[in-house]
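Below is one structure, written out as structure tokens; the observations come after it.
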Amino acid sequence: MALIADQALDAALSYIGTNCENLYICSTEPTTFAQASSTYKLGVKATPSIGTPENGTSGRKIVVAAITDGTVSATGTAGFVALTDDSASLLLAVKELSATQAVTSGNTFTLTEFDITIPDPA
């Protein structure tokens, strides 16, 4: 069995919260910054609100606040969100949406709050 201190997990989660500049909604799961910010991008919310690390159900987590005013730039079906550090061209985290969301260019998108979790080692 492995052990990783909460402080180590919190450092990784804090890095995401501190350096996240944009939240992108994407049509396909991005694996690179370019895919998240361009190739699969359907919309963006600048500087999303992200909480501090806390206990999750089986690990440590940060909570990304609900989005009510994201800007849709392309029509399609969003299935993923990506958090990015645009200054460093870095993909920080990707999460699948609990349900896909059809979006239309020129409209706004909304998301309920969600967690980014680092699970406890097994």
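The values are calculated or read from the model by the stated rules, or taken from the named source; none is laboratory data. Since the structure is predicted, the reported quantities are computational estimates derived from the model, not experimental observations. Neighbour counts run over all protein chains shown; Cβ positions are idealised from the backbone, glycine included. Protein only, heavy atoms only, side chains kept; ligands, DNA and RNA dropped before computing areas. Shrake-Rupley method; radii C 1.70, N 1.55, O 1.52, S 1.80 Å.
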With x for Gly and Pro, the residue-by-residue ³J(HN,Hα) of region 93-99, computed from phi through the Karplus equation 6.51 cos²θ - 1.76 cosθ + 1.60 at θ = phi - 60° and given in whole Hz, is 7, 10, 9, 6, 5, 5, 8
³J(HN,Hα) across region 28-44 via Karplus (A = 6.51, B = -1.76, C = 1.60, θ = phi - 60°), whole Hz, x for Gly/Pro? 9, 5, x, 10, 9, 4, 4, 5, 5, 8, 9, 4, 9, 5, 10, x, 8
Could you work out what % of the accessible surface of the chain is carbon and sulfur, using a 1.4 angstrom probe and leaving DNA, RNA and ligands out of the count? 50 percent
Which aspartates and glutamates have a Cα less than 12 Å from the Cα of Lys41, not counting those fewer than 8 places away in the same chain? Glu29
Give me the aspartates and glutamates in straight-line cross-link reach of Lys61: C-alpha distance below 12 Å, same-chain residues under 8 apart excluded. Asp6, Asp10, Asp115, Asp120
Can you tell me the order of 76-82, 87-93 when each peptide is scored by its average per-residue count of other Cβ atoms within 10 angstrom, highest first? 76-82, 87-93
What are the residues whose amide H is under 5 Å from the amide H of Ser49, where those residues sit 5 or more places off or on another chain and H is modelled from the backbone? Ala65
Between Phe80 and residues 5 or more places away or on another chain, the pairs with built amide H atoms under 5 Å apart involve Cys26, Leu97
Read phi for every residue in region 53-63 and hand back ³J(HN,Hα) as whole Hz from Karplus 6.51 cos²θ - 1.76 cosθ + 1.60, θ = phi - 60°, with x for Gly and Pro. x, 8, 5, x, 5, 8, x, 10, 8, 10, 10
Value of [θ]222 nm, deg cm²/dmol, for the chain, DSSP H segments ≥ 4, -39500 (n - 2.57) each, nearest 500: -3500 deg cm²/dmol
Over region 20-104, with neighbouring protein chains present, the accessible area per residue in Å² at probe 1.4 Å is 47 Å²
